[in-house]
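Values in this text are rule-based calculations from the coordinates and carry no lab data. Predicted model, so just to flag it, every value in this text is computed and none were measured. Reconstructed Cβ throughout: ideal geometry from the backbone, glycine too, with neighbour counts over all protein chains shown.
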Ligand code: SF4
Ligand code: SF4
């Protein structure tokens, strides 16, 4: 178990978490009765036709809502579907929440096993898109944006979180297998494993260049790695993928390796739990486990106005229900006491300039925020460098007026992206 102070460790220095060289095994936390899986909803059609309440499912079974639906989730436990209900996530994105009552005996689905002898990008896409770490396989399959290099993140991009470091230290053979499989199923031959500066020893055999990065936030964010490790600056409005670089977490690569070598789809997620008392624990739980089960395993009581964040303190998102399940990309759960939680306010900007001085992208954030508050997203992008923002959240952290700048930025980018997609679809 990791035990470290929340306040003393990180926030004042903005230093990334550093795990000790020898790590205890992640603590296992089981779901008590049910798991829930969020299935992307691409149709208003209701109810789903391919899965229904009362259906029995096996661990590793692929579940789609409709017969012609290309999206799917993988059942992370065996049991009976007991509910299918709508769920609205950040920015109004809609999902179907599929609840499964866990059976006493676990039975494994063996459909994927037939592909383990002949890995292809197609069968990886067909089964591994919602594996732990969410391998971005769709990005690798996009012929319009060919990928020439894969960067494997062996360091966590947010503070207080040790998940990727733990996986890099403890699942190196799976990562090595995953790299080999990715080399076989794509034309990509450049792989770079990014680690913390003091953990660079011992990775020479894995089939990737090993590069270290600085230990100060936000050095582990993709745009910073592009600049400091690959020597490429992303032009405003472009993405890493458009530059031919795909970022993949160490866990995603390990999931690919384990799935093909072991013959079973991995369904357990490693994550860092940071509780109100500042304790950090690395835990392993089934994807879909409700957070209330995890909190109850450690006796964490949630009081009114306490806050639960999925992700780290700089870039995570608040969740509002104790039934919220662990998702394939949940690297951290942060529980804040109401006294620790930074609340936003409706105070106006006092033009102190702290956000401008802190911004690693040198954006005039004090100006940008005026357009974001007014919902003038195109002006924000055209005239105030919205698209140069690297999504670090430092501006929100330092803002004395507690303006939720980062939330405005995320919303603006989401809306602009949506408009761009709609435009492309209309053409
Ligand atoms: S989140 Fe804020 S501080 Fe970070 S790059 Fe964007 S504007 Fe700058
Ligand atoms: S830190 Fe906040 S108050 Fe200060 S200039 Fe930036 S937006 Fe305005």
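According to the square roots a ≥ b ≥ c of the eigenvalues of the Cα gyration tensor, what is the shape class of segment 281-342, taking rounded for a/c under 1.5, prolate for a/b larger than b/c otherwise, and oblate for the remainder? If you can, show how the numbers build up before the last one.
Numbers: a/c = 1.72, a/b = 1.27, b/c = 1.35.
Oblate, because a/c is 1.5 or more while a/b does not exceed b/c.
Calculate log10 I(q)/I(0) of segment 354-426 for q = 0.21, 0.24, 0.25 Å⁻¹, where I(q) comes from the Debye formula with a single equal point scatterer on each Cα and nothing for solvent. One equal scatterer on each Cα of segment 354-426 leads to -0.82, -1.04, -1.12. Overall form of segment 113-262: oblate. Here a/c, set by the Cα gyration tensor axes a ≥ b ≥ c, is 1.5 or more, and a/b is not larger than b/c. Between the C-alpha center of segment 108-138 and that of segment 351-369 there is a gap of 43 Å. In segment 34-107, the alpha-carbon atoms span a convex hull of 80 Å³ per residue.
For segment 205-264, the equivalent ellipsoid built from the Cα gyration tensor has semi-axes of 26, 15, 11 Å, listed from largest to smallest.
From helices alone, the chain scores -7500 deg cm²/dmol at 222 nm; the rule is -39500 (n - 2.57) for each run of n ≥ 4 DSSP H residues, then divide by the residue total. Suppose R0 equals 30 Å; then what is the FRET efficiency for residue 113 and residue 66 from their Cβ-Cβ distance, rounded to the nearest 0.05? My answer for the efficiency is 0.75.
The Stokes-Einstein estimate for segment 175-311, based on a Kirkwood radius over Cα pairs and taken at 37 °C with 0.692 mPa s viscosity, is a diffusion coefficient of 184 µm²/s.
Among beta bridges identified by DSSP and lying wholly in the chain, the antiparallel ones come to about 60 percent. Dimensions of the chain based on its C-alpha atoms, expressed as ranges along the principal axes with the largest first, amount to 60, 55, 49 Å.
Sorted on the mean count of surrounding Cβ atoms within 10 Å across their residues, most packed first, peptides 318-324, 355-361 read 355-361, 318-324. For segment 76-120, the Stokes-Einstein estimate of translational diffusion at 20 °C and a viscosity of 1.002 mPa s comes to 161 µm²/s, using the Kirkwood hydrodynamic radius over alpha-carbon pairs.
Reducing segment 140-161 and segment 222-285 to their Cα centroids gives an inter-centroid distance of 7 Å.
Gain on full extension, evaluated as 0.36 nm per residue between residue 46 and residue 106 minus their Cα-Cα distance, stands at 18.6 nm. Multiplying the residue separation of residue 391 and residue 27 by 0.36 nm and removing their Cα-Cα distance gives an extension gain of 127.9 nm.
Just order 268-280, 20-32, 49-61 by mean Cβ neighbour count inside 10 Å, highest at the front, would you?
On the way: 268-280: 20.9, 20-32: 13.5, 49-61: 16.6.
Result, highest mean first: 268-280, 49-61, 20-32.
A straight line joining the Cα centroids of segment 33-92 and segment 376-411 runs 35 Å. For a test of the definition: using alpha carbon positions, the gyration tensor, and the 1.5 limit on a/c, classify segment 139-192 as rounded, prolate or oblate. Oblate is the answer for segment 139-192, as a/c is 1.5 or above yet b/c matches or exceeds a/b. Residues in segment 386-427 near a label at residue 227, defined as backbone nitrogen under 17 Å from the 7 Å Cα→Cβ point? Within reach of a label on residue 227: 386-396.
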